[in-house]
Amino acid sequence: MKDRSNFSNKLGFVLAAAGSAVGLGNIWRFPYLAAKYGGGTFLLIYLILAVTFGFTLMIAEIALGRKTGISAIGAFKSLDRRFGFLGFLASLVPVIIFPYYSVIGGWVIKYFAVFVSGGVQDAAGDTYFTDFISGTMQPIGWFLLFLGLTAIVVLCGVEKGIEKVSKVMMPILVVLTIIIAVYGLTLEGAMEGLVYYIQPHMADVSAKTILAAMGQLFYSMSLAMGIMITYGSYMKKENHLESSVRQIELFDTGIAFLAGLMIIPAVFAFSGGDRSALSAGPGLMFMTLPKVFASMKFGGVIGTIFFVLVFFAALTSAISLMETIVSVFMDKFGWTRRFTGILVAILAAVMGIPSSLGFGSLSFISWMGMSVLDIMDFVSNSVLMPIVAFFTCVFVGFIIKPKAIADEVKITDGKFKAEKMFNVVIKWVAPIFLVLILTSSIASALGIFTL
Ligand code: PFF
């Protein structure tokens, strides 16, 4: 991506940004959070946040990138020297996410391997997943394989090829997800799960649920970590920014919704009404889907195809995470690409191993009931990203002023339909809300008060 006008047309830009946005966050993370945090309640909060906060932040980030023509680390600094720290903070997020993202990527390859070798019935066993992740060599081995594959792609510069493949894979993944979801809904007990997934209960709304939904929103849309700033820096001025953002959001949210539809009703169908299954956390997809496949005709083949597709979605996202880290290090220290790539891979391997072992030999490490992987996830999504988002809002709202962004959005045809909402959200609603939600979650973590 040396040439800054890389995306020749709008569709190219939307697909590339969506390719980075759509990943494990949609398929693996969204369903387990929705299951855990009240189903319909979580879904509703998520949707409201997506069209307000998500929209506003994504507009701001892409416009910042296009306006400055540089990536996150430099973009803030180039507009105001005092905000150089924000670029640094934003770039720290991928450094934390990438290692544990690769751990989950490893789980996906493991399940692919099991399915392709005819192990659908084994994988559907009640203790299969926990037996796997509580081991030592297996989780580490699959994690290192995923990490190694990502590093090879980044080091050999074949991202373009992978992106081409994944453009074909993504629509197939959508269709397959719909098929699996429809099948899942025909299972006995699934309807109760569907109701749980789409019916909100206002009594369940809490600061914790809102924070979880917000962290998920940032994570899923690759916000508050500098990524969209970088993407924006490659976007052409004649492409309409506002409608591109709407499309990326719709795509990303649509896939997350479908993934929830595929998993949550199935959890109800297979748990025999035992609601504790809903709080399974990171393992939910891996525990539920094999049971769905095992009960299906041709489930072995369908499961194999499914895990290949998820692998590609995860790989494209992991590539974009690793690329970001590599380019930040290269810009900062002036190292060569090769050296930086190898260093980042080694760093990620070292950082990822504790997350990988956190369900087995390192399970004694726990904080507020969270494993190492959950802790990493919490620090990046529920602490760092809200902080980055807060300062981004302050930066746009009070330093460069919302008009600077609006002018950038309007470059194409003079229009910015949601400008009023954008101004209010970026200046007042989002920053105030972010402070409230962060203080309340920190206070409740420290046992001071709970909202
Ligand atoms: N948005 C991706 C997902 O939902 O899986 C995660 C991600 C990918 C974040 C790439 C950041 C990134 F650069």
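Looking at the range 104-159, the helices (runs of 4 or more DSSP H) lying wholly inside it that each contain 3 or more residues that are aliphatic (A, V, I, L, M) and open to solvent by 30 Å² or more (accessible area, probe 1.4 Å) sit at 137-156.
Scanning the range 289-302 turns up no residue that is within 30 Å of ILE229 (Cα to Cα), open to solvent by less than 40 Å² (accessible area, probe 1.4 Å) and more than 16 Å from the ligand (Cβ to nearest atom).
For ILE365, are the conditions met, namely being open to solvent by 20 Å² or more (accessible area, probe 1.4 Å), more than 16 Å from the ligand (Cβ to nearest atom), among the β-branched types (Val, Ile, Thr) and in contact with a helix residue (DSSP H, G or I) (Cβ under 6 Å, 6 or more places away or on another chain)? Please lay out each step first, then the result.
Working: open to solvent by 20 Å² or more (accessible area, probe 1.4 Å): yes; more than 16 Å from the ligand (Cβ to nearest atom): yes; among the β-branched types (Val, Ile, Thr): yes; in contact with a helix residue (DSSP H, G or I) (Cβ under 6 Å, 6 or more places away or on another chain): yes.
Yes: the conditions hold for ILE365.
May I ask you to list the residues in the range 236-259 that are away from the ligand (no atom under 16 Å from the Cβ) and either crowded, with 24+ Cβ neighbours inside 10 Å or not acidic (Asp, Glu) (or both)? Outline the logic, then answer.
First pass over the range 236-259, keeping only residues away from the ligand (no atom under 16 Å from the Cβ): 236-244, 246.
Correct list: LYS236, LYS237, ASN239, HIS240, LEU241, SER243, SER244, ARG246.
Has the range 396-410 got at least one residue that is of a type in the set (Gly, Ala, Ser), crowded, with 22+ Cβ neighbours inside 10 Å and touching a helix residue (DSSP H, G or I) at 6+ places or on another chain (Cβ under 9 Å)? No, the range 396-410 contains no residue that is of a type in the set (Gly, Ala, Ser), crowded, with 22+ Cβ neighbours inside 10 Å and touching a helix residue (DSSP H, G or I) at 6+ places or on another chain (Cβ under 9 Å). The residue that is nearest to PHE270 (Cα to Cα), counting only those in the range 203-225 that are outside any helix (DSSP H, G or I) and modelled with pLDDT of 90 or more, is VAL205. Could we say that PHE398 is over 27 Å from the mean Cα position of the chain (by Cα) and under 26 Å from ARG81 (Cβ atoms) here? It is true that PHE398 is over 27 Å from the mean Cα position of the chain (by Cα) and under 26 Å from ARG81 (Cβ atoms).
Could you identify the single residue in THR68, THR41 that is closer than 30 Å to GLN199 by Cα and either away from the ligand (no atom under 14 Å from the Cβ) or in contact with a Phe, Trp or Tyr (Cβ under 6 Å, 6 or more places away or on another chain) (or both)? Spell out the reasoning first.
Working: THR68 fails: closer than 30 Å to GLN199 by Cα.
Only one candidate passes the filter, namely THR41.
Selection of the range 102-113 for residues being within 12 Å of PHE286 (Cβ to Cβ) and either free of Cβ contacts under 8 Å to residues at least 60 places away in the same chain or aromatic (Phe, Trp, Tyr) (or both) yields TRP107, LYS110, TYR111, PHE112. In the range 217-235, what residues are more than 9 Å from the ligand (Cβ to nearest atom) and of a type in the set (S, T, N, Q)? Selection gives SER233 alone.
Taking only the range 71-94 into account, find how many residues are more than 16 Å from the ligand (Cβ to nearest atom) and either open to solvent by less than 10 Å² (accessible area, probe 1.4 Å) or among the charged types (D, E, K, R) (or both).
Looking only at the range 71-94, we keep the residues that are more than 16 Å from the ligand (Cβ to nearest atom), and these are 74, 76-86, 88.
Now narrow it down to the ones that are either open to solvent by less than 10 Å² (accessible area, probe 1.4 Å) or among the charged types (D, E, K, R) (or both): 76-77, 80-82, 86.
Final tally of qualifying residues: 6.
For the range 169-181, the criterion of being of a type outside the set (Val, Ile, Thr), open to solvent by 90 Å² or more (accessible area, probe 1.4 Å) and at pLDDT 90 or above is met by no residue.
Considering the conditions (1) more than 24 Å from the chain's Cα centre (by Cα); (2) not in a helix (DSSP H, G or I), PRO200 is excluded by exactly one of them, (1). When the range 52-85 is limited to residues that are of a type outside the set (A, V, I, L, M, F, W, C) and outside any helix (DSSP H, G or I), the one that is farthest from the chain's Cα centre (by Cα) turns out to be ASP80. One residue stands out in the range 327-343 among those that are without any contact (Cβ under 8 Å) to a residue 40 or more places away in the chain and buried (at least 17 other Cβ atoms within 10 Å of the Cβ): the one that is nearest to the chain's Cα centre (by Cα), namely PHE329. The residues of the range 12-35 that are more than 13 Å from the ligand (Cβ to nearest atom), modelled with pLDDT under 95 and touching a Phe, Trp or Tyr at 6+ places or on another chain (Cβ under 8 Å), listed by number, are PHE13, VAL14. Scanning the range 424-443 for residues that are more than 21 Å from MET368 (Cα to Cα) and open to solvent by less than 20 Å² (accessible area, probe 1.4 Å), which turns out modelled with the lowest pLDDT? Result: LEU434.
Condition check ((1) within 16 Å of the ligand (Cβ to nearest atom); (2) within 20 Å of the chain's Cα centre (by Cα); (3) over 19 Å from GLY283 (Cβ atoms)) across all residues:
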{"site": "PRO139", "(1), (2), (3)": "no, no, no"}
{"site": "GLY148", "(1), (2), (3)": "no, no, yes"}
{"site": "GLU163", "(1), (2), (3)": "yes, yes, yes"}
{"site": "ALA212", "(1), (2), (3)": "yes, yes, no"}
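Of all residues in the range 284-308, those being in a helix (DSSP H, G or I), of a type outside the set (Phe, Trp, Tyr) and closer than 15 Å to MET262 by Cα number 12.
The values are calculated or read from the model by the stated rules, or taken from the named source; none is laboratory data. Owing to the predicted nature of the structure, the values given are computational and were not obtained by experimental measurement. Glycine also receives a Cβ, built like all others from the backbone with ideal geometry; neighbour counts cover every protein chain displayed. We work out accessible area using only protein heavy atoms, side chains counted, and drop any ligands, DNA or RNA first. Shrake-Rupley method; radii C 1.70, N 1.55, O 1.52, S 1.80 Å.
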